[in-house]
Amino acid sequence: MPPARFILASVVAAVFITAAPPASAQTLISQHTGAEVDLVTGLITKHRISRPGLEAVINRPKHQAIIEWRAGDFRPTITINDQILIDGADTNDVSRIGSFRLRRDGSYAYVRTTKTRGDTTDIVQDGDTVISLPYGTQVSIIEFNANRLITSRWRSKELETLIELYAVGNDGRVAPSATHQWRLVDCATGTIRIRQNTLFAEAYCNHTDKPQLISLPLQPNAKPQFITGSEDVFIWGSGPKDQPGVRALKLEGSPETRAMFHALAGLTMGQLGEPRALASDEAGTLSWSQSYRLRALALLYQKTGDEVFALLEAQAIDRILGQTNHQLQITADHGLPAHGWATRIYSSNQRTPIAHAVNLGMIGMALIEACGGIEEYCDPALMGRLEQSARSIIRFFSAQVDADTGLYLIPANIPFRFAGEVAPWNWQMAMAGFLAQAGQMFDQSSWTGDANKLVTSFLSSHEVEEGHQLWRYWPARTSNRFEDVSHAGISILGLASAGHQNRLQASGPLSKTLTTVASQGFFPARDIDGEGPRDPRWLPAGGWAHLDNKAMKHLFASRMPGWNAADTLFSYAVYAKQASDTRLTLHHQHCSQAGCTTNQVETISDLTAFMLRRRD
């Protein structure tokens, strides 16, 4: 294998020649959740339960639920009292599970969704559907006990959140219709807590670009009340359920330091130990979640100099490389890259494994950038496996290039509704970034040349309207709409990873496009030209963070809707300040219906130590 040379987009270069150094401490512990990670074995421990892919443990007096990712899982495996309830490896059931709740008597409830249009979004209790909602409904369970089930439902057309209470009958079953509803008009929500029959929530509302806290008594005809102004304040921890109000945290410091806080909080509190790196990509977990978390961890290592992020990164890379099609024995008659990752949810029946260039480009690009970002912690053994994967993927897709345009085609022989067409621009650019990074790392100039050709084609398709740089979703289709903000972030990510940072200047037309998008508050329009429905899901993140843009930085100085989503955490990490200057003042508050009072003020300079501690 030739000496590995690599350039992490917009950051550093590194050379790999030695084995990874040993960890100076064996166990990493979250200061705020108590979760532990063994930096040698990778075991994650919560509530005295240790598993490689442990995500959550829910304890009740006589019952225990464990949510974990087992090697190659399509979705997490869930057990109750050691009996499998949801088999994460069962690809005959391609539904997704969210908001799992366990009642004291052992009854459970969760939200079940699929990507099949026409299917319903269901709330399931003890294996039976008790509530059915329209396809695509965004709903979560806030509370489930012997008396009621309370949900939060986002209504995108109305731009409002609906809080709904469903009664529980004497038989313990949830009623199919809500008995009470409360509307949070023009507001989406983040973390929600219920204390003494009052709901407290982080609210992201149409009239501001900063989060606010609201209170809502769960009584008929009650109205929500704002209890904080527009500032970087959010619910922090659970607090005693028998006390009124919630604990909150207000941050005071530079925008870059607050971005560092949110990046660290998101990466260390929810999925410490990267349990989802054990997933297959059959549901897109690696391509749309882990790929961004890998990049974010590498950035935190570079900006803090703390080895724990490099060690977590190396473990995650090792896990992902262990879930390839070859390792999981995933095959298909139409062919798959043996050392790549197949997806199922995008095939016509959601069960046939297929290879999508965009998914594989995202994973491959992230693995290479992450490996380079952690320097000697990515040892030669990992490098060898990574090169094997890169060659397998690039060789597979080389047969899918259109002779006339030089662009990638969607294979014609796969069960996919766009089979045989020229792939969208975000697919092309994900592969461009991957090819460029792989070409640099493994000294393959032809790969780098192919990446540059894709970039040239992409840029030549752009239009400039009133100083805004725009492009279509599909190549050579001038009649189709411009790309949506979310997929455009993938295209820009590929552009940056392909070494074209000069296209991301603060004063350029692309930055003006981002300024317009980021200046629309929490409910931007769907498409990069300002057209389409408005929704928090179209907030710019991911690749957009590579632009040095004031409006974007302003957004990421505070909590965002979906702040702990992987692409958002990556954006926080990009904007985070270097460890040399991270002084931050924390106002620990108690918030009730009457407002918030500050109980303690502390100034910290070591944000990592605030989040994590070590044990030998």
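Every number in this text was worked out from the coordinates using simple rules, so none of it is lab data. What you see is a predicted model, and the numbers here were worked out from it, not measured in a lab. Cβ: placed from backbone, ideal geometry, glycine included. Neighbour counts: every protein chain shown.
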> When the Debye formula is applied to the Cα atoms of the range 498-616, each taken as the same point scatterer, what base-10 log of I(q)/I(0) results at q = 0.21 Å⁻¹?
Replying inline: -1.20
>> Quick check on the exposure proxy: order Ser254, Ser558 from fewest to most C-beta atoms within 10 angstrom.
In response: Ser254, Ser558
>> Compute the distance from the alpha-carbon center of the range 354-430 to that of the range 31-75, in whole Å.
In response: 32 Å
>> Order these by the 10 Å Cβ neighbour count, fewest first: His587, His554.
In response: His554, His587
> Any idea how far apart Arg117 and Arg70 come out in nm if each label point goes 7 Å out from Cα toward Cβ?
Replying inline: 3.5 nm
> Please identify the trypsin sites (Lys or Arg not before Pro) of the range 39-105 that satisfy two criteria: DSSP loop assignment and at most 13 other Cβ atoms within 10 Å. Which are they?
Replying inline: Arg48, Lys62, Arg104
> Which entry in [x] 259; [y] 148; [z] 241 is this structure's computed volume of the Cα convex hull per residue in Å³?
Replying inline: [y]
>> Over 27 Å between Cα atoms: which of Lys303/Lys553; Lys453/Lys512; Lys250/Lys303; Lys115/Lys453 fall into that group?
In response: Lys115/Lys453
> Excluding Trp69 itself, what net charge comes from residues whose Cβ is under 10 Å from its Cβ, given Lys and Arg +1 and Asp and Glu -1?
Replying inline: +1
> In sequence order, what are the phi-derived ³J(HN,Hα) couplings for the range 471-477 according to the Karplus relation 6.51 cos²θ - 1.76 cosθ + 1.60 with θ = phi - 60°, rounded to whole Hz, with x for glycine and proline?
Replying inline: 8, 7, 6, 9, x, 6, 10
> Where in the range 117-192 are there GluC sites (Glu not before Pro) that are in a DSSP coil and have at most 12 other Cβ atoms within 10 angstrom of their Cβ?
Replying inline: Glu158
>> As an exercise, identify the chymotrypsin sites (Phe, Trp or Tyr not before Pro) in the range 376-478 lying in DSSP coil whose Cβ has no more than 13 other Cβ atoms within 10 Å.
In response: Phe418
> Once the other residues with Cβ under 15 Å from the Cβ of Gly433 are scored (Lys, Arg +1; Asp, Glu -1), what is the net sum?
Replying inline: 0
>> Could you give me D for the range 105-236, from Stokes-Einstein at 10 °C and 1.306 mPa s, where the hydrodynamic radius is the Kirkwood radius over C-alpha pairs? Units µm² s⁻¹, please.
In response: 102 µm²/s
> Which translational diffusion coefficient, to the nearest whole µm²/s, is obtained for the range 214-321 from the Stokes-Einstein equation, given a Kirkwood hydrodynamic radius over C-alpha pairs, 20 °C and 1.002 mPa s?
Replying inline: 127 µm²/s
>> Given Cα positions, please report Rg to Rh for the range 424-555, the hydrodynamic radius being the Kirkwood one.
In response: 0.98
> What ranking do Asp281, Asp581, Asp450 get, fewest neighbouring Cβ atoms within 10 angstrom at the top?
Replying inline: Asp581, Asp450, Asp281
>> Less than 12 Å Cβ to Cβ from Ile150, Lys/Arg counted +1 and Asp/Glu -1: what total charge do the surrounding residues give?
In response: +2
> What's the angle, to the nearest 10 degrees (0 to 90), between helix 566-575's Cα axis and the longest principal axis of the chain?
Replying inline: 80 degrees
> Hey, what angle do you get for helix 291-304 against the long axis of the chain, alpha-carbon based, 0 to 90 degrees rounded to 10?
Replying inline: 90 degrees
